[in-house]
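Visitor: Below you'll find the structure I mean.
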Amino acid sequence: MKTIEVRASSTYNVLIGSGLLDALGEQIKKVCNAAKAAVISDSNVFPIYGDTVTQSLRSAGFDVVHFVFPAGEESKNGHTFLEIINFLAENHLTRTDCLIALGGGVVGDVTGFAAAVYLRGIAYIQVPTTLLAAVDSSVGGKTAIDLPAGKNLCGAFYQPRLVLCDIDTLDTLPVDIFRDGCAEVIKYGILYDNQLFSTLEHSGLQFDREAVISRCVELKRDVVAEDEFDTGSRMKLNLGHTVGHGVEACSEFQISHGKAVAIGTAIVSRAALASGLCDNETRDRILSILEQFELPTTCSYSPEVLMDWALSDKKRAGDTVNLIIPRSIGHCDIVPSPVANLLSFIKAGLSYGHHHPPQKAFR
Ligand code: NAD
Ligand code: GLY
């Protein structure tokens with residue numbers, strides 16, 4: 001097992017390893033003295049792992065209740081959020097009790113947000129069961145729900161008390177959803193770690209899960225320690241997200257977050273080349289690795305529509321949008337760009353460029 005300590009407004013551990021779920025109750029007892037634990041999960045994950053988690057919690061002496069909502073991004077909304085809050089109140093959870101987010105990023109984000117506001121803050125534990133949640137959403141305390149106007153527009157920074165990542169849970173993840181997480185893993189390579197990127201180029205999907213997840217969490221730990229509240233360097237973690245969130249929203253969430261991030265990253269890399277901000281090799285390696293992982297690199301939405309969504313992105317500041325630009329593999333910059341230039345940037349990103357074979361449109 002690997003233990004990574006995250007130092008933010010509170011300090012907590014991320015435990016990564018095989019067979020950890022059975023010890024969840026014991027691990028939680030070390031970090032909080034709750035009497036009652038509310039397990040929040042979705043309709044795919046709870047039937048697989050609910051019993052193991054409940055048994056582990058009960059053996060450790062917790063009184064356990066659970067709330068399960070329909071799986072999918074469509075559930076990451078105000079309705080589910082209020083259902084969870086009401087469930088907690090009806091079950092008399094007190095401020096010293098805890099919530100357990102058992103699932104992927106959707107469960108983690110909405111549970112974290114409920115934990116942030118229920119009784120003005122209650123402890124929560126992240127138990128990520130997707131690769132994406134393991135390497136990204138479970139760490140760092142960003143919690144959110146989506147609004148009709150856009151992704152993650154309502155949320156809070158609220159750090160978990162513990163993150164327990166049992167890599168065995170990834171064994172039941174459909175490969176297509178595993179690929180979504182790979183988009184975020186690739187993102188860390190492009191942002192910070194040429195060696196991680198090369199490892200992925202060589203391994204494809206068959207990478208060492210404990211080692212790669214641990215590396216990504218170490219990278220995220222460093223970012224969160226430096227800029228917990230996302231006013232500076234943490235914005236880099238949104239590589240591909242400004243356009244990606246637009247793709248996700250345009251598709252009415254039929255294109256998953258991971259695939260939308262892949263499309264957004266591909267668009268930014270083409271546009272960066274077209275704007276003279278990166279070289280051919282950087283763009284080509286990014287497009288090639290996304291294709292190698294069978295992630296999409298383009299979409300059929302118009303640049304105008306994508307720009308509209310990009311303008312409601314949280315990284316917009318007045319007439320400026322902070323774009324995350326890959327300069328080379330392992331190095332990206334935050335480039336403030338006038339909103340007026342965004343349309344031509346996205347247009348350049350949607351065109352294929354002449355050094356790379358066009359890929360079939362994803363949708
Ligand atoms: P998800 O939570 O919807 O999970 C994807 C699917 O996999 C769901 O159908 C789920 O039920 C299923 N599933 C989960 N674990 C499983 C398992 N072990 N076995 C079988 N099926 C399983 O999606 P996701 O990709 O994990 O997360 C995407 C969400 O994360 C988005 O809403 C995104 O905005 C958010 N996100 C948040 C942050 C953050 O910092 N808070 C970072 C990145 C992404
Ligand atoms: N995934 C973006 C962040 O945690 O900042």
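Visitor: Could you tell me whether any residue of region 97-104 is in contact with a Leu (Cβ under 6 Å, 6 or more places away or on another chain), within 19 Å of Cys165 (Cα to Cα) and within 16 Å of ligand 1 (Cβ to nearest atom)?
Guide: The first filter runs over region 97-104 and keeps only residues in contact with a Leu (Cβ under 6 Å, 6 or more places away or on another chain), leaving none.
Looking through region 97-104, none of the residues is in contact with a Leu (Cβ under 6 Å, 6 or more places away or on another chain), within 19 Å of Cys165 (Cα to Cα) and within 16 Å of ligand 1 (Cβ to nearest atom).
Visitor: Give me the residue from region 146-191 that is in a loop (DSSP other than H, G, I, E, B) and either at positive phi or more than 11 Å from ligand 1 (Cβ to nearest atom) (or both) and, out of that set, modelled with the lowest pLDDT.
Guide: Result: Ala149.
Visitor: If we only count strands (runs of 3 or more DSSP E) wholly inside region 40-137, which ones have 2 or more residues that are under 16 Å from the mean Cα position of the chain (by Cα) and not aromatic (Phe, Trp, Tyr)?
Guide: Strands (runs of 3 or more DSSP E) meeting the threshold: 98-103, 123-128.
Visitor: Could you check how many residues of region 52-75 are within 30 Å of Gln254 (Cα to Cα) and open to solvent by 20 Å² or more (accessible area, probe 1.4 Å)?
Guide: Adding up the residues that qualify gives 8.
Visitor: Just to be sure I understand, how many residues within region 182-191 are farther than 13 Å from Arg285 by Cβ and either out of contact with any Gly (no Cβ under 6 Å at 6 or more places or on another chain) or of a type in the set (Lys, Arg) (or both)?
Guide: Result for region 182-191: 6.
Visitor: Could I ask something else about it? Has region 177-192 got any residue that is among the acidic types (Asp, Glu), open to solvent by less than 10 Å² (accessible area, probe 1.4 Å) and within 15 Å of ligand 2 (Cβ to nearest atom)?
Guide: yes
Visitor: So which of Val127, Val117 is away from ligand 1 (no atom under 11 Å from the Cβ), among the hydrophobic types (A, V, I, L, M, F, W, C) and closer than 21 Å to Ala35 by Cα?
Guide: Val117
Visitor: Pick out, from region 249-335, the helices (runs of 4 or more DSSP H) lying fully within it that include 3 or more residues that are at pLDDT below 95, more than 19 Å from the chain's Cα centre (by Cα) and surrounded by 19 or more Cβ atoms within 10 Å (Cβ to Cβ).
Guide: 303-310
Visitor: Consider only pairs whose beta carbons are under 7 Å apart and that are at least six residues apart or on different chains; among these, list those whose first residue lies in region 224-241 and is over 21 Å from Cys182 (Cα atoms) and outside any helix (DSSP H, G or I) and whose second residue is within 13 Å of ligand 1 (Cβ to nearest atom) and hydroxyl-bearing (Ser, Thr, Tyr).
Guide: Correct list of pairs: empty, since none qualify.
Visitor: Give Val127, Val135 a once-over and let me know the one that is surrounded by 24 or more Cβ atoms within 10 Å (Cβ to Cβ) and within 12 Å of ligand 2 (Cβ to nearest atom).
Guide: Val135
Visitor: Right, something else. Can you confirm whether Thr231 is crowded, with 22+ Cβ neighbours inside 10 Å, on the phi < 0 side of the Ramachandran plot and within 13 Å of ligand 2 (Cβ to nearest atom)?
Guide: Working: crowded, with 22+ Cβ neighbours inside 10 Å: no; on the phi < 0 side of the Ramachandran plot: yes; within 13 Å of ligand 2 (Cβ to nearest atom): yes.
Spelling it out, it is not the case that Thr231 is crowded, with 22+ Cβ neighbours inside 10 Å, on the phi < 0 side of the Ramachandran plot and within 13 Å of ligand 2 (Cβ to nearest atom).
The values are calculated or read from the model by the stated rules, or taken from the named source; none is laboratory data. What you are looking at is a predicted structure, and each value in this text was computed from that prediction instead of being measured. Methodologically, a virtual Cβ is constructed for each residue, glycine included, from the backbone with ideal geometry; neighbour enumeration extends over all protein chains shown. Calculation scope for accessible area: heavy atoms of the full protein, side chains included, ligands and nucleic acids excluded. Shrake-Rupley method; radii C 1.70, N 1.55, O 1.52, S 1.80 Å.
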